[in-house]
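Note sheet for the following structure.
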Ligand SMILES: [Zn+2]
Ligand SMILES: [Zn+2]
């Protein structure tokens, strides 16, 4: 996902789609330098595996700043180096000729040039952030991976907490998320499953369509984009 606003170019996550994006940017900019920020939500493969195939990273004229939070049991720099580690890939991250700066986020509010960014941790296995970008043209929230709190609480997994405590934590998490998203102009949200499919995937970290719509209505967002469709869904199915 690419956002251009207030002279900033911000790319959200580095899944397989970042490869065609890299080709398009390369064609558009030609010999001009590309300067962009890449914001990573979390370490799952479908969000980082495209980075080794991002053409602008291989040209010394380009500057790429990669930002994200530490994962569960792994630092952010380790996470980003992983897809390019031997024996999985022939070129190491440090051998990329573009200017690559990897920054570990520690604050939930920060700015990328004139764009203010807020982060929130969502309900997904491991550490997973959602971001909201505040631009002069409006705000856009990006939550590609999130399971509704009311059905499964990932932070309770492996922890001994009472059902009452879990219920309260889930309700607080939902409320905090509604506040975080409130009034967003655009919300890009996990809607991986149909409601029927979700019944077989509770605890997998993703949302059924009806919950995604309900969250968007609760948060009074202006436009909802259903995202992170199941790989088994073709265009016809999504329509
Ligand atoms: Zn994930
Ligand atoms: Zn994902």
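Bear in mind these aren't lab numbers, they're just calculated from the coordinates by the rules spelled out. This is a predicted model, so every value here is computed, not measured. Cβ placement follows ideal geometry from the backbone for every residue including glycine, while neighbour counts extend to all protein chains displayed.
Once a ≥ b ≥ c are taken as the square roots of the eigenvalues of the Cα gyration tensor of the stretch 73-118, is the result rounded (a/c under 1.5), prolate (a/b larger than b/c) or oblate (a/b not larger than b/c)? Don't jump to the answer; show the numbers that get you there.
Working: a/c = 4.06, a/b = 1.85, b/c = 2.19.
It is oblate, given that a/c is not under 1.5 and a/b is not larger than b/c.
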Rank these for me by crowding, 34, 66, going from fewest to most other beta carbons within 10 Å.
34, 66
Radius of gyration and Dmax over the Cα atoms of the stretch 1-106, both given in Å
13.0, 40
In nanometres, what is the gap between the two model label sites at residue 165 and residue 118, each 7 Å from Cα along Cα-to-Cβ?
2.9 nm
Label-point separation (nm) for residue 77 and residue 6, each offset 7 Å from Cα along Cα-to-Cβ?
2.9 nm
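Rounded, prolate or oblate: pick one for the stretch 107-239, where a ≥ b ≥ c are the square roots of the eigenvalues of its C-alpha gyration tensor, a/c under 1.5 means rounded, and failing that, prolate if a/b is larger than b/c, else oblate.
Oblate, because a/c is 1.5 or more while a/b does not exceed b/c.
Output needed for the chain: three equivalent-ellipsoid semi-axes, defined as square roots of 5 times the C-alpha gyration tensor eigenvalues, in descending order, whole Å.
Details: eigenvalues 186, 81, 65 Å².
After scaling each eigenvalue by five and taking roots: 30, 20, 18 Å.
Where does each of 109, 135, 194, 41 land when they are ranked from fewest to most other beta-carbon atoms within 10 angstrom? Walk me through the intermediate numbers first.
On the way: 109 10, 135 20, 194 14, 41 26.
Final ranking by Cβ density, sparse to dense: 109, 194, 135, 41.
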The distance between the Cα centres of the stretch 121-172 and the stretch 71-114, in whole Å, is 23 Å
Using only Cα atoms and rounding to the nearest 10 degrees, what angle (0 to 90) does helix 209-218 make with the longest principal axis of the chain?
90 degrees
When the C-alpha atoms of the stretch 58-152 are aligned to their principal axes, what extent does each axis show, in angstrom, from largest down?
43, 36, 19
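Assuming R0 = 41 Å, what is the FRET efficiency of residue 86 and residue 151, from their Cβ-Cβ distance, to the nearest 0.05? Write down the numbers at each step before the final one.
Working: r = 40 Å, r/R0 = 0.98.
It comes out at approximately 0.55.
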Longest principal axis of the chain (C-alpha) makes with the long axis of helix 18-29 (C-alpha) an angle, in degrees to the nearest 10, of 40 degrees
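When a footprinting reagent is the concern and you count Cβ atoms within 10 Å, what order do 147, 78, 28 take, fewest first?
Working: 147 27, 78 14, 28 9.
Least to most surrounded, the residues fall as 28, 78, 147.
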